[in-house]
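The values are calculated or read from the model by the stated rules, or taken from the named source; none is laboratory data. This one's a predicted model, so the numbers in the text were calculated from it and none came from an experiment. Using ideal geometry, Cβ is built from the backbone for each residue, glycine included, and neighbour counts are taken over all protein chains shown.
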Ligand SMILES: Nc1ncnc2c1ncn2[C@@H]1O[C@H](COP(=O)(O)OP(=O)(O)O)[C@@H](O)[C@H]1O
Ligand SMILES: [Mg+2]
């Protein structure tokens, strides 16, 4: 089986995750080391600015080229830190725009440059083919969740809480259903950054000290996104309008943090499936917020546990997924399905450098 390295940088803009995986894109025969290379504060600010500019940005813009070069540096560094030989790299890149309704999704990152610098073949640009075919381009992780969960009791839900939150439901017969549930850590991170200068609400401390404002929460939950059926997906900035008009800004830092934590919980708890999951496995940085996890457990009324409970690595899972998807891509296997992204037919994806 190819030795793969998956590289993921999520919507939280916190850095690059790299993980080693021995996989043929169907099964995983061995897990390897994983590392995270955090972005500098300056680079995170640069990326945040790019997110706001992206809708009107021509692809030749010098700011884009500069960010792409720095981004490639971070990825080279992540692979070098991993220090494990590999045959294939899956390179997600940093999403700066996601508008599937306009058949556009944009991950920056230069796959050819990464291949030239590392000498390892690279699969990149995983989402465009799905979006061009009419899919949401996201989530792409369900097929990996399903591969990991083969022997677990079903129905089960695998929830990733990154900047945005996405869920994979795996039915008793292995059927998959997935979509972005709503906000993950993104709005809370932004709030905490604005009020305290910290990148996130460490251990949920600020949120725990505040009270949920039911009126603001009600306005946030009235966003039309929640009434849409899946498959559906979100841009990092999709809730900015409703956040701006919700009355949130009048709340104290603590009450705002409590309310945004509850916003994530309520939107996840509002997700519906053909048969309710018996258990929720949670990966991504949100599982490290104990307030979020406790409230989720209460709202869902079934066990909500970190994926470590079943032996998976909740920090590395999304990165591992892109090694897995790279292996699928070189074999021409589908990455997405009508029930996961809404694409009309199962479809492969990814562009290749050095293959
Ligand atoms: N100890 C912690 N307490 C609370 N939140 C945390 C903690 N550690 C990480 N997080 C949250 O996880 C986020 C990063 O999650 P991650 O899964 O990397 O998201 P993404 O995939 O979008 O990059 C941080 O921005 C923060 O909100
Ligand atoms: Mg991250």
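Points worth noting:
- Applying the criterion of being over 11 Å from the mean Cα position of the chain (by Cα) and crowded, with 24+ Cβ neighbours inside 10 Å to the residues of the range 1-12, the residue that is nearest to residue 320 (Cα to Cα) is 6.
- The selection criterion, being under 18 Å from residue 314 (Cβ atoms), more than 16 Å from ligand 2 (Cβ to nearest atom) and either outside any helix (DSSP H, G or I) or not assigned by TED's automatic domain parsing to the domain that holds residue 100 (or both), does not hold for residue 60.
- Residue satisfying condition, being modelled with pLDDT of 95 or more, assigned by TED's automatic domain parsing to the domain that holds residue 262 and within 11 Å of ligand 1 (Cβ to nearest atom), within set 216, 192: 192
- Residues (more than 19 Å from residue 127 (Cα to Cα) and modelled with pLDDT of 95 or more) located in the range 6-25: 15, 19, 20, 21, 22, 23, 24
- Filtered by the rule that a residue be within 10 Å of ligand 1 (Cβ to nearest atom) and either at pLDDT 95 or above or outside any helix (DSSP H, G or I) (or both), the range 173-186 gives 184, 185.
- Answer residue from the range 263-306, given it is within 15 Å of ligand 2 (Cβ to nearest atom) and crowded, with 23+ Cβ neighbours inside 10 Å and is nearest to residue 18 (Cα to Cα) among those: 284
- Those helices (runs of 4 or more DSSP H) lying entirely in the range 274-355 with at least 2 residues more than 12 Å from ligand 1 (Cβ to nearest atom) and out of contact with any strand residue (DSSP E or B) (no Cβ under 9 Å at 6 or more places or on another chain): 290-300
- Scanning the range 13-55 for residues being in a loop (DSSP other than H, G, I, E, B) and either out of contact with any strand residue (DSSP E or B) (no Cβ under 9 Å at 6 or more places or on another chain) or surrounded by fewer than 19 Cβ atoms within 10 Å (Cβ to Cβ) (or both) gives a total of 4.
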